[in-house]
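The values are calculated or read from the model by the stated rules, or taken from the named source; none is laboratory data. A quick note: this is a predicted structure, and the numbers were derived from the prediction, not measured. Ideal geometry is used to build each Cβ from the backbone, glycine not excepted, and the neighbour counts take in all protein chains shown.
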Amino acid sequence: MEKLKYERPFLKKMSAGMMDKSGTQQSEFTPVTHIDEVSVKQLIADYGSPVFVMSERKIRYNYQSAVRAFTTRYPKVQFAWSYKTHYNNAICRIFHQEGSWAEVVSGFEYRKALNNGVPGSHIIFNGPDKHRDELMLAVQHDSLIHIDHFEELYTLIEVCTEAGKKARVAIRVNMDTGIYPVWDRFGFNYESGQAWAAINKIVASDQLQLTGLHAHIGTYMLSTAAYGVAATKLSKLASECKTELNTTIKYIDLGGGFPSANTLKGSIGLVPTPTVDEFAEVITTTILNAGFKPDELPLLILESGRVLIDDAGYLLGTVLANKKLSDGRKATIMDFGVNIMFTSFWYDHMISPAQEASQFNEETVMYGPLCMNIDIVRECVTLPLLNRGDHVVVHKVGAYNMTQWMQFIAMRPNIVLIDLQGRTHVIRKAEDLSYLEQLDVIPEHLSTK
């Protein structure tokens, strides 16, 4: 009988969703009256409605848990906070305090990272639209520049020649990981040989130092196996760089894309969402088994965003009215809509009443206040009877809503942080008309003087 290969044990965390005070799974009609021991009613009284609330305790817990998942499996790990996910300075600084680098995809994000005290050498500059002056800034600060296309590669060589400096670079690699459609818009393709051609051009250049390899294979990924494929292909490229070009790859960056616990629209029943531990197990095992010498193991970089912050964010709002639609369905109108909760377009966010409510529940369409018919917060949600003036809590809104929100019809509200001691802080003030108009310029012929 053939001896089976030893497989090390793997403990898998089980998640049953939010729990109520009795320890049972929380339903949408279980009242949520406090966030981190702070009263929802008091938050609305102090900061208005609607209002975003962020939990510093949950952010730090999520980050520390993710770091632990990887560092207990692999000796060299570095997280880089994804600024596009949530670039409020206070939030970014929490991640930086925890030891995270910065991952940015635009010039203004790059400057925000510098202003938040991140050393240039700890900033990863991604994205397809890096302007010449932004590349110069990144070169001067010795940042890691991830090249997206050949035009950027040639421009960067010119910038480095002008600056008289050598840039540390990686290439973004797109590839077939078994997930379709393939994210092949960004970077250089692996299967066609385009990535290898870019690597050869970089190695042949006197202005660029090939330091890393980068892949970001998708968003809200539910397949851990896809990351195994990506790690395998990047590891193979790294090995070829060593054997054929005498170039040691210092790091492999597997980007982000890990899902949060939100429910995607159209999901039927309980769709299992892999934990960070499950992603870590596949990724680290793949790299450890790729044949690297112990002293040449690459640094593993993760650019996680959504999975670290989504469930640390809440949106508190108020019922404006109830009405009947022409087809007989009940509609509930809220004081927040897709203008500030953009993720309503792809998530069925959990929504809870913020006060003790009737034991009778009913289905309702939850609309926002905008004058457009697509302003739908939830197409169908079962909640207790809600009256005008009642409050609700929308869960898991920490990712992307406060970077993709719009100044449309209603201005953007306060963002409040609850710190580790339960104190509340405004970390972004609600907008007013003067803020909205501060960049307006009136031609002289339209002046009312």
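Within the range 310-320, being surrounded by 24 or more Cβ atoms within 10 Å (Cβ to Cβ), in contact with an Asp or Glu (Cβ under 9 Å, 6 or more places away or on another chain) and not in a helix (DSSP H, G or I) holds for one residue alone: Gly317. Restricting Ala138, Ala163 to residues that are in contact (Cβ under 8 Å) with a residue 12 or more places away in the chain and more than 23 Å from the chain's Cα centre (by Cα) narrows the list to Ala163. Taking the stated definitions as given, is Ala280 surrounded by 22 or more Cβ atoms within 10 Å (Cβ to Cβ), of a type in the set (Gly, Ala, Ser) and more than 30 Å from Leu43 (Cα to Cα)? Answer is yes for this residue.
Yes/no per residue for (1) modelled with pLDDT of 95 or more; (2) in contact with a Pro (Cβ under 9 Å, 6 or more places away or on another chain); (3) closer than 19 Å to Gly127 by Cα; (4) of a type in the set (Gly, Ala, Ser):
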site: Glu56; (1), (2), (3), (4): yes, no, no, no
site: Ala69; (1), (2), (3), (4): yes, no, no, yes
site: Lys84; (1), (2), (3), (4): yes, no, yes, no
site: Tyr87; (1), (2), (3), (4): yes, no, yes, no
site: Ile94; (1), (2), (3), (4): yes, no, no, no
site: Gly99; (1), (2), (3), (4): yes, no, no, yes
site: Ser106; (1), (2), (3), (4): yes, no, yes, yes
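Exactly one of (1) touching an Asp or Glu at 6+ places or on another chain (Cβ under 6 Å); (2) under 23 Å from Val38 (Cα atoms); (3) among the hydrophobic types (A, V, I, L, M, F, W, C) is unmet by Val338. Its number? If we test Val338 against (1) touching an Asp or Glu at 6+ places or on another chain (Cβ under 6 Å); (2) under 23 Å from Val38 (Cα atoms); (3) among the hydrophobic types (A, V, I, L, M, F, W, C), just (2) comes out false.
Annotation note: Cβ proximity below 6 Å between a residue of the range 210-224 that is more than 25 Å from Gln194 (Cα to Cα) and a residue that is among the charged types (D, E, K, R) (sequence gap 6+ or interchain) occurs for Thr224/Glu278.
Residues are listed down the side, and each one gets a yes or a no for (1) out of contact with any helix residue (DSSP H, G or I) (no Cβ under 6 Å at 6 or more places or on another chain); (2) over 17 Å from Glu56 (Cα atoms):
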residue	(1), (2)
Val397	yes, no
Ile409	yes, yes
Val416	no, no
Ile427	no, no
Ser434	yes, yes
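Which fully enclosed helices (runs of 4 or more DSSP H) of the range 116-211 have 3 or more residues being farther than 23 Å from Tyr83 by Cα and small (Gly, Ala, Ser)? Answer list for the range 116-211: 194-204. Candidates in the range 102-126 are the residues that are free of Cβ contacts under 8 Å to residues at least 60 places away in the same chain and either among the acidic types (Asp, Glu) or touching a Ser or Thr at 6+ places or on another chain (Cβ under 6 Å) (or both); of these, the one that is surrounded by the fewest Cβ atoms within 10 Å (Cβ to Cβ) is Gly120. Inside the range 232-272, residues that are modelled with pLDDT under 95, surrounded by fewer than 18 Cβ atoms within 10 Å (Cβ to Cβ) and among the polar types (S, T, N, Q) make up a count of 2. On the basis of being touching an Asp or Glu at 6+ places or on another chain (Cβ under 9 Å), of a type outside the set (Lys, Arg) and farther than 18 Å from Phe95 by Cα, does Pro443 make the cut? Here the answer is no, as Pro443 does not meet what is asked.
Scanning the range 165-203 for residues that are over 19 Å from Lys250 (Cβ atoms), among the aliphatic types (A, V, I, L, M) and modelled with pLDDT of 95 or more yields Met175, Ala197.
Answer yes or no as to whether Tyr220 is under 15 Å from Thr177 (Cα atoms) and either surrounded by fewer than 19 Cβ atoms within 10 Å (Cβ to Cβ) or among the small types (Gly, Ala, Ser) (or both). I'd like the intermediate steps shown before the answer.
On the way: under 15 Å from Thr177 (Cα atoms): yes; either surrounded by fewer than 19 Cβ atoms within 10 Å (Cβ to Cβ) or among the small types (Gly, Ala, Ser) (or both): yes.
For Tyr220, the condition - under 15 Å from Thr177 (Cα atoms) and either surrounded by fewer than 19 Cβ atoms within 10 Å (Cβ to Cβ) or among the small types (Gly, Ala, Ser) (or both) - is met.
For first residues located in the range 282-309 and in a helix (DSSP H, G or I), partners that are buried (at least 22 other Cβ atoms within 10 Å of the Cβ) and among the β-branched types (Val, Ile, Thr) and lie 6+ apart or on another chain with Cβ distances below 9 Å form the pairs Ile287/Ile252; Glu296/Ile249; Arg306/Thr85; Leu308/Ile59; Leu308/Thr85; Ile309/Ile59; Ile309/Thr85; Ile309/Ile91. Only one entry in Val441, Val338, Val416, Val393 is assigned to a loop (DSSP other than H, G, I, E, B) and closer than 19 Å to Asp311 by Cα, namely Val338.
Just one of (1) at pLDDT 95 or above; (2) within 30 Å of Leu308 (Cβ to Cβ); (3) in a strand (DSSP E or B) fails for Leu383. It is (1). Residues in the range 36-95 that are of a type in the set (Gly, Ala, Ser), in a helix (DSSP H, G or I) and under 23 Å from Ala113 (Cβ atoms): Ala66, Ala90.
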